[in-house]
Amino acid sequence: MSKRERSTSAAAGPSSRDAILDAAGELIASNGYDGMVISDLTARSGLPASSIYYHFGNKLGVLSALLDRTFGELHAAFPEPSSYDLGDPLERFEAWFTAACRSLDQRPDYLQLLLAISVGPHKDAELVRDTVRRIRDYAHSSWVDALTPIFGDGEAAFVDELAVLGRAVTDGLAVASSFDGMSYSSHVDPFVALIRGLAAQRATARRI
């Protein structure tokens, strides 16, 4: 990129970055990641290709930044398990999961984007892989934090397995939401019932 191109791109400022990401999100939603080409991105954003390369380096950089921004927006509205401190552990879990599903219902594009990237052709690219891993590790730790008070520190391995299951449930609901119009919130009760039943089962087993 020439010095003149860099100066032109830099002058565009932070708002140009957001405009490119907004355009990328719209293109991915309608055409998929492979359908997002630089020419369409410039047409949709109204910015030159030099601005895209200045801010992101390449198409993978756009993808990673879009995912990172979407995660940041959701994270700001997403509940922390530790913020629920009233009631017994199961009641706190239900309150957290209900709020989490409500947040996901408000941003269905988030997990749909994450899943599309996680299984897409560029999932092994270091820039994309690192971003996806950080997001999924955060989700896993949130599940562990929400479930540990129910089962206790002595059930760490079992809680870890349940955290993987919980994350898989929300992954699956992202697909169901996209194709079948199902909401995340409509599945709160059955999943809470599953956790309640497992907690009772484990408690009974410990007494025997």
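Quick check on region 142-165: of everything there that is in contact (Cβ under 8 Å) with a residue 24 or more places away in the chain and open to solvent by 60 Å² or more (accessible area, probe 1.4 Å), which residue is nearest to the chain's Cα centre (by Cα)?
Only one residue tops the list, namely Val164.
Only one of (1) more than 25 Å from Gly166 (Cβ to Cβ); (2) part of a loop (DSSP other than H, G, I, E, B); (3) under 20 Å from the mean Cα position of the chain (by Cα) is not met by Leu47, so which one is it?
Answer for Leu47: the failing condition is (3).
Out of all the residues in region 55-67, is one or more over 20 Å from Ala146 (Cα atoms), part of a loop (DSSP other than H, G, I, E, B) and open to solvent by 70 Å² or more (accessible area, probe 1.4 Å)?
yes
Residues in region 116-141 that are farther than 24 Å from Val159 by Cβ and open to solvent by 40 Å² or more (accessible area, probe 1.4 Å): how many?
Final tally of qualifying residues: 10.
Restricting attention to region 166-182, and to residues there that are of a type outside the set (A, V, I, L, M) and at pLDDT 90 or above, which single residue is nearest to the chain's Cα centre (by Cα)?
Among them, the one singled out is Arg167.
Does Phe56 qualify as being among the aromatic types (Phe, Trp, Tyr) and within 30 Å of Arg92 (Cα to Cα)?
no
Criterion first (under 20 Å from Ser103 (Cβ atoms) and loosely packed, with under 15 Cβ neighbours inside 10 Å) does Asp171 satisfy it?
no
The values are calculated or read from the model by the stated rules, or taken from the named source; none is laboratory data. Everything numeric in this text was worked out from a predicted model, so none of it was measured. Because the Cβ atoms are built from the backbone with ideal geometry, glycine has one as well, and the counts that use them run over all protein chains shown. Calculation scope for accessible area: heavy atoms of the full protein, side chains included, ligands and nucleic acids excluded. Shrake-Rupley method; radii C 1.70, N 1.55, O 1.52, S 1.80 Å.
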